[in-house]
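One structure is given here, and the rest of the page talks about it.
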């Protein structure tokens, strides 16, 4: 875990240095490369999830739980916004 945090910090430092250098062409190429890497990562994760029988069998239960959680978060946000608006006004 600490390795991931260190790598994140190093990446932030390099990003700040590149921002100051204003290398727009390099940044555009890096953005394209990152997009490709994310697509490959999602593809590999899909293969991994698809090959795991436990996830496939529990997919319906996971779907119901996800819908319930998303609905509660949505409802909570609406209620909080309503209360916040009444208190601020």
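Every read-out reported here was derived from the displayed coordinates using simple, explicitly stated rules and does not represent laboratory data. What you see is a predicted model; the values in this text were computed from it and never measured.
Quick rundown of the values:
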| quantity | calculated |
| --- | --- |
| Cα convex hull of the chain - mean projected area over all directions, nm² | 10.9 |
| Length added when fully stretched, residue 21-residue 83, from 0.36 nm per residue minus Cα-Cα | 17.7 nm |
